[in-house]
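As structure tokens, the structure follows; a few thoughts come after it.
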Amino acid sequence: MRYCVFTYLFNPYELSARFPFLIPTVVSDVFQQNNILTPHIYYAGQVTGLFFSAPFLLLAFFYPLSKKSFTDTQNSFVLPQARLFLFFSLAGTCLTGFSVILFYFFGQTRFLGDIISQFTLIAIMGYWQLKVENMTFKSIRAKFFLFGANILLVVSLMTGLLLSFSGEQNRFQKLNPNFFEKIDLVVDQLLKK
């Protein structure tokens, strides 16, 4: 179970000098390189942890920690009880789905599809709460947090796009071998300008 927590949340990607620049690591190889013994039945494929592949999801933790999330009635069209119900519904289904995939002996990226939508919606609620606090307080601290949230959003979008190429790189190279070479040439030309 603890291996799956690392796999799904914290497993990093590898950096590459060539397109697509980010490559998901084979988790079982990472464990072997660090001399971490796993049960013989356990195997994890190419997986990048959620906090590396989509750091925007860290905002999911902001929403329940914000004091105004569940009590503010002035800056919202939705009653606090409805926001509370929505948050606990999403968090409950996300935690239930995550607890189920923790017991699989095969860590795969496709299993994250069971929880990513709920987790993303909670992160969007956290982002929205940052926007509301920025409009309400207009402090330097609120602007700093909103700027950081926007950076996390952009990094998440770019990382997701690059990992979508590298996750299927073998298939691309088999079906269209010139694809990555052409992209490499275009990227090299763009970077030289």
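The values are calculated or read from the model by the stated rules, or taken from the named source; none is laboratory data. It should be emphasised that the depicted structure is a prediction, and the values quoted were computed from it without experimental measurement. Here the Cβ is made from the backbone with ideal geometry for all residues, glycine too, and neighbour counts use every protein chain on show. The area values use the complete protein model at the heavy-atom level, side chains included, leaving out ligands, DNA and RNA. Shrake-Rupley method; radii C 1.70, N 1.55, O 1.52, S 1.80 Å.
Within region 16-55, the set of residues being part of a helix (DSSP H, G or I) and at pLDDT 90 or above comprises LEU50, PHE51, PHE52, SER53, PRO55.
Out of PHE137, PHE147, PHE172, which single residue is open to solvent by 40 Å² or more (accessible area, probe 1.4 Å), touching a Phe, Trp or Tyr at 6+ places or on another chain (Cβ under 9 Å), over 18 Å from ALA54 (Cβ atoms) and free of Cβ contacts under 8 Å to residues at least 60 places away in the same chain?
Working: PHE137 fails: touching a Phe, Trp or Tyr at 6+ places or on another chain (Cβ under 9 Å); PHE147 fails: touching a Phe, Trp or Tyr at 6+ places or on another chain (Cβ under 9 Å).
Only one candidate qualifies: PHE172.
Checked against (1) part of a loop (DSSP other than H, G, I, E, B); (2) more than 16 Å from PHE111 (Cα to Cα); (3) in contact (Cβ under 8 Å) with a residue 24 or more places away in the chain, PHE61 passes all but a single condition, namely (1). Of the candidates LEU163, LEU90, LEU112, LEU130, the single residue that is aliphatic (A, V, I, L, M), touching a Pro at 6+ places or on another chain (Cβ under 7 Å), surrounded by 16 or more Cβ atoms within 10 Å (Cβ to Cβ) and on the phi < 0 side of the Ramachandran plot is LEU163.
Quickly run through region 93-105 and pick out the residues that are exposed (fewer than 15 other Cβ atoms within 10 Å of the Cβ) and in contact with a strand residue (DSSP E or B) (Cβ under 9 Å, 6 or more places away or on another chain). Across region 93-105, the qualifying residue is only PHE105.
Out of the residues in region 175-192 that are acidic (Asp, Glu) and free of Cβ contacts under 8 Å to residues at least 60 places away in the same chain, which is least open to solvent (accessible area, probe 1.4 Å)? Please lay out each step first, then the result.
Residues of region 175-192 acidic (Asp, Glu): 181, 184, 188.
Subsequent filtering for residues that are free of Cβ contacts under 8 Å to residues at least 60 places away in the same chain retains 181, 188.
Values: GLU181: 106, ASP188: 77 Å².
This residue is ASP188.
Does TYR13 count as in contact with a Ser or Thr (Cβ under 7 Å, 6 or more places away or on another chain), within 29 Å of MET158 (Cα to Cα) and at pLDDT 80 or above?
Considered against the rule, which asks whether it is in contact with a Ser or Thr (Cβ under 7 Å, 6 or more places away or on another chain), within 29 Å of MET158 (Cα to Cα) and at pLDDT 80 or above, TYR13 comes out as yes.
Scanning region 27-41 for residues that are surrounded by fewer than 15 Cβ atoms within 10 Å (Cβ to Cβ) and either closer than 22 Å to ILE115 by Cα or touching a residue at least 60 places away in the same chain (Cβ under 8 Å) (or both) turns up PRO39, ILE41. Close Cβ contacts (under 6 Å, 6 or more residues apart or on different chains) running from residues in region 65-94 that are under 18 Å from MET135 (Cα atoms) and part of a loop (DSSP other than H, G, I, E, B) to residues that are of a type in the set (Phe, Trp, Tyr) and modelled with pLDDT under 90 comprise SER69/TYR63.
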